[in-house]
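The values are calculated or read from the model by the stated rules, or taken from the named source; none is laboratory data. The structure presented is a predicted model; accordingly, all values stated were derived computationally and were not measured. Heads up, the Cβs are rebuilt from the backbone with ideal geometry, glycines too, and the neighbour counts pull from every protein chain shown. Areas reflect the complete protein model, heavy atoms only, side chains present, ligands, DNA and RNA absent. Shrake-Rupley method; radii C 1.70, N 1.55, O 1.52, S 1.80 Å.
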Amino acid sequence: MTLDAYMAQIVAVEATGERIGRQMVLAVDTSTDGAGTDAGDFTVVAYHIDNVGAALSPTSTDKSYIGEGESTVKTGTKRSFAITGNRLVGEPFQDFCLSHGIKYGVGSDVQRKYVYFDAGTLEGEQGTATITVTKDGAAGASDPTEVEITLNVNGTPESYSYVTPESDPNPNPNPDPDPEDG
């Protein structure tokens, strides 16, 4: 499902207050060539997914200064998503990630744009991530099959604000004011 279609159907989320996992939205460009430009057309990561595993890994270095003593300097932050769920054939995000070209692809063939944001504030981030698949159907004989897909973000993401698509107030550009006039 596209991001715009997903956002049109979810229940409104307050801009303040506590959050639950399903109120955080992750969508990925699953176009064949990875050249998608409109985030509204990205594929939402939601169906049969129980956790997008959004994580930040800050890096720092410790320094010791003569006049100040010990100090820690933050040098960066790495973003990743450890997506887990159960296999659902026909679900666009899973079908894309579990395709042969992505599971065994390398380099820029497995890099795609993404957006991640809060459904209430509509604020978040956008960037490019490398897709790796570690489980593509692991399960016992009678158990649901598991999928594990990791998105490792390349560089530092940019800020992002989701904008609801404008609906055309006049879908017919040349309305006939009097249909009986012919």
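Taking the range 68-117 as the range and being open to solvent by 60 Å² or more (accessible area, probe 1.4 Å), within 20 Å of Thr128 (Cα to Cα) and charged (D, E, K, R) as the test, the residues that pass are Lys78, Lys103, Asp109, Lys113.
Does Glu91 qualify as being touching a residue at least 60 places away in the same chain (Cβ under 8 Å) and among the acidic types (Asp, Glu)?
no
For first residues located in the range 57-69 and farther than 30 Å from Phe81 by Cβ, partners that are open to solvent by less than 70 Å² (accessible area, probe 1.4 Å) and of a type outside the set (Lys, Arg) and lie 6+ apart or on another chain with Cβ distances below 8 Å form the pairs Lys63/Ser71; Lys63/Val73; Ser64/Ser71; Tyr65/Ser71. Do we have any residue at all in the range 109-127 that's in a helix (DSSP H, G or I), modelled with pLDDT of 95 or more and among the aromatic types (Phe, Trp, Tyr)? Checked the range 109-127: no residue is in a helix (DSSP H, G or I), modelled with pLDDT of 95 or more and among the aromatic types (Phe, Trp, Tyr). For the range 37-67, filtered to residues that are of a type in the set (D, E, K, R) and in a strand (DSSP E or B), the residue that is surrounded by the fewest Cβ atoms within 10 Å (Cβ to Cβ) is Asp62. Selection within the range 118-148: residues that are of a type in the set (A, V, I, L, M) and surrounded by 16 or more Cβ atoms within 10 Å (Cβ to Cβ). The member of this set that is farthest from Thr16 (Cα to Cα) is Val133.
Within the range 1-36, being buried (at least 17 other Cβ atoms within 10 Å of the Cβ) and of a type in the set (Ser, Thr, Tyr) holds for Thr2, Tyr6, Thr30.
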